[in-house]
Amino acid sequence: MKAVVIHEFGGPEVLRYEDVPDPRPRKDQVLVRVRACAMNHLDLWVRQKLPGVRLPHILGSDIAGEVVEVGEYITGLKVGQRVLLAPMHFCNRCEQCVSGRQNLCPEFTVLGNGVDGGNCELIAVPAVNVIPIPDSLGFNEAASAPLVFLTAFHMLTGRASIRPGQTVLVLGANSGVGIAAIQLAKLFQATVIATAGDDRKAELAKQLGADYVVNHYQQRIGDEARKITGKVGVDIVVEHVGAATWHESMKALKPGGTLVTCGATSGPEASFDLRFLFARQLALLGSYMGTMGELHEVLKLLFSGKLKPVVDKTFPFKDTRAAHECLEQSKMFGKVVLIP
């Protein structure tokens, strides 16, 4: 089969479109023909180098396609079924997994990070990862959903315990997590303040449901959030930008507010005054992906049309380098999708 492979870490030039052996599924696995694989910033970080990545390596976390072979131990799935894949790897037997907390499994990793991903024509995965999709959902849209909607759902419900009517600040409205968080917060009838870098992205954020949009290049996020809330501050900040926005995100919080973070796109080093943390009784929460139960919950909302994935651009696998360059420039609003 054809695959996009990295044999060394570095810039987009290390991506190679080449022939690799077809996967040979075990009796407890499903072989899926990849029809679409959506990109995430994780693809850029793995390509540049993350700990634990063994070379050669295939990137790609978010996968949709068709079942082409079903292992003999598996029931409930059949050849030809349209599916998406849960974008994670876990042992499915440890205490955390059997308790439904797969993202705390000692073996937990994201597809395309600690294990090979979906920038290839065929992929073999355990049956637990395979989720049928309705005919109304295209492959590009299906591939654009799992990682970011699971991440945003876990951040808002599993970690920050969002309640109806709260005010939520969402960083980076054009990102996958931002697009998902805006929509999810509106399902809870929250007032949503989003940030964007230009007028086009601001307008698209409003179309998704954002009540207010702050230009994070021209305005101070914290000051604008406090102005919008009448100096009260926001209940929840959905953070994934990191160093560049951390101070403003904390400043935007009301006393007793919660900042939940799932990433550090602009850098991992963030500092703050501990007195500000304890005097205002703030909660700082980390969030990493989510559980299989949460994934099924959020996908029900997506399959019923209450949530919508947003696709910005598509590229064939052979042009994966151009896709990486597009994502690095952050010109998109929504997902960049690779197609075999």
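The values are calculated or read from the model by the stated rules, or taken from the named source; none is laboratory data. Because the structure is a prediction, the values reported are computed rather than measured. Positions of Cβ are backbone-derived with ideal geometry, glycine not excepted, and every protein chain shown enters the neighbour counts. Heavy atoms of the whole protein, side chains included, go into the accessibility calculation; ligands, DNA and RNA do not. Shrake-Rupley method; radii C 1.70, N 1.55, O 1.52, S 1.80 Å.
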Select one label from [x] 55, 48, 45; [y] 60, 42, 37; [z] 63, 50, 43: the one whose number is Cα extents along the principal axes in Å as derived from the coordinates shown.
-> [y]
Mind checking the full-extension length gain between Val68 and Gln48? Use 0.36 nm per residue of separation minus the Cα-Cα distance, one decimal, nm.
-> 3.9 nm
Theoretical gain in end-to-end length, Val128 to Lys227 [0.36 nm per residue, Cα-Cα removed] = 31.0 nm
Rounded to whole Hz, the Karplus (6.51, -1.76, 1.60) HN-Hα couplings of segment 155-169, x for glycine and proline | 4, 7, 9, x, 10, 8, 6, 4, 10, x, x, 6, 10, 10, 9
On full extension of the chain, what length is gained from Lys306 through Tyr17, given 0.36 nm per residue of separation minus the C-alpha to C-alpha distance?
-> 100.3 nm
Prolate/oblate/rounded call for segment 182-241, Cα gyration tensor, a/c under 1.5 rounded | oblate
Calculated from DSSP H runs of 4 or more alone, at -39500 (n - 2.57) each and per residue, what is the 222 nm mean residue ellipticity of the chain, nearest 500?
-> -7000 deg cm²/dmol
Cα atoms only, segment 50-186: Rg and Dmax in Å?
-> 16.4, 50
Only Lys, Arg (+1) and Asp, Glu (-1) charged, at Cβ; segment 228-326 dipole about Cα centre in debye = 260
Estimated dipole of the chain in Debye, rounded to 20 [Cβ of Lys and Arg +1, of Asp and Glu -1, Cα centre] = 740
Per 5 angstrom bin, beginning at 0 and ending with the bin that holds the maximum distance, the Cα pairs of segment 162-286 fall in percents of 2, 12, 24, 26, 22, 10, 3, 1
Sequence of Lys2, Lys335 when ordered by accessible area, the most exposed leading, probe 1.4 angstrom = Lys2, Lys335
Per the C-alpha gyration tensor (a ≥ b ≥ c, the square roots of its eigenvalues), segment 1-112 is rounded if a/c is under 1.5, else prolate if a/b beats b/c, else oblate; here it's oblate
Measure off 7 Å from each Cα along the Cα-to-Cβ vector at Ser136 and Ala322, then give the distance between these two points in nanometres to one decimal.
-> 3.4
Take the alpha carbon gyration tensor of segment 26-92, find the square roots of its eigenvalues, order them as a ≥ b ≥ c, and report rounded if a/c is under 1.5; if not, report prolate when a/b exceeds b/c, else oblate.
-> prolate
From the backbone phi of segment 230-242, what are the Karplus-calculated ³J(HN,Hα) couplings (6.51 cos²θ - 1.76 cosθ + 1.60, θ = phi - 60°) in whole Hz, Gly and Pro given as x?
-> x, 6, 7, x, 9, 6, 9, 10, 8, 9, 7, 8, x
Scaled by the rule-of-thumb 2.2 N^0.38 Å, the alpha carbon Rg for segment 248-301 gives a ratio of 1.45
